[in-house]
Amino acid sequence: MEKPNYKNDLTFDERVMMGIVRAAENFKRAHSLVFKKYGLSFPQYNILRVLEASEKGQNKISAVGKIMLTPGANMTGLAKRLEQNGFLERRPDPADERVTMLVITQKGRDTLKRIEVEKDQAIDRILEGIPQEAKETYLAVTKQIIKSTGLLQKEMSG
């Protein structure tokens, strides 16, 4: 096998951040394979998860997009495909007909339930051998990074 003509010149901190990104991308790829078996993409699965956790299984499309950090135009396409496949319904908000509500269907709920075991097994395999204390530390650090990057984005855009 030929050695790549590349010298890693990232700083240590950049390597930390790139490691987080690579871990997230690998997680998404592995889980996408699980979701694909059920006719869902990674973002479609996440929409259903957000709706399942929302009061009465419904939420405004804009609120779901904000939770998922997905632009409105992308949310519309994702929601249309989920509706076409019977996983959710799109309805006008009774309080404001300009607002679209997304409502998870029984098919959507049943699909999430069927996915759950396989998804949890995949997560267990990924985190196998990592002590609980290390996972708790990683979660706390990750939350701080998310907060810091959010603040940086606000500073840079405003």
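All of the numbers you see were taken from the coordinates with simple rules; none came from a lab. A quick note: this is a predicted structure, and the numbers were derived from the prediction, not measured. In this analysis, Cβ positions are derived from the backbone assuming ideal geometry, glycine residues included, and neighbour counts consider all displayed protein chains.
Scanning the range 79-95 for residues that are closer than 19 Å to Thr111 by Cα and either crowded, with 18+ Cβ neighbours inside 10 Å or of a type in the set (Asp, Glu) (or both) turns up Ala79, Leu82, Glu83, Phe87, Leu88, Glu89. Screening Leu82 with (1) of a type in the set (A, V, I, L, M); (2) free of Cβ contacts under 8 Å to residues at least 12 places away in the same chain; (3) in contact with a Gly (Cβ under 8 Å, 6 or more places away or on another chain) gives one miss only, at (2). Scanning the range 85-100 for residues that are in contact (Cβ under 8 Å) with a residue 12 or more places away in the chain and in a strand (DSSP E or B) yields Leu88, Glu89, Arg90, Arg91, Asp93, Val99, Thr100. Against the list (1) outside any helix (DSSP H, G or I); (2) closer than 28 Å to Gly150 by Cβ; (3) not β-branched (Val, Ile, Thr), the condition Ser32 fails is (1). Of all residues in the range 101-128, those being among the hydroxyl-bearing types (Ser, Thr, Tyr) and in a helix (DSSP H, G or I) number 1.
Quick one: which residue in Thr149, Thr137, Thr142, Thr76 is surrounded by 10 or more Cβ atoms within 10 Å (Cβ to Cβ), in contact (Cβ under 8 Å) with a residue 40 or more places away in the chain, at negative phi and not hydrophobic (A, V, I, L, M, F, W, C)? I'd like the intermediate steps shown before the answer.
On the way: Thr149 fails: in contact (Cβ under 8 Å) with a residue 40 or more places away in the chain; Thr137 fails: in contact (Cβ under 8 Å) with a residue 40 or more places away in the chain; Thr76 fails: in contact (Cβ under 8 Å) with a residue 40 or more places away in the chain.
Only one candidate passes the filter, namely Thr142.
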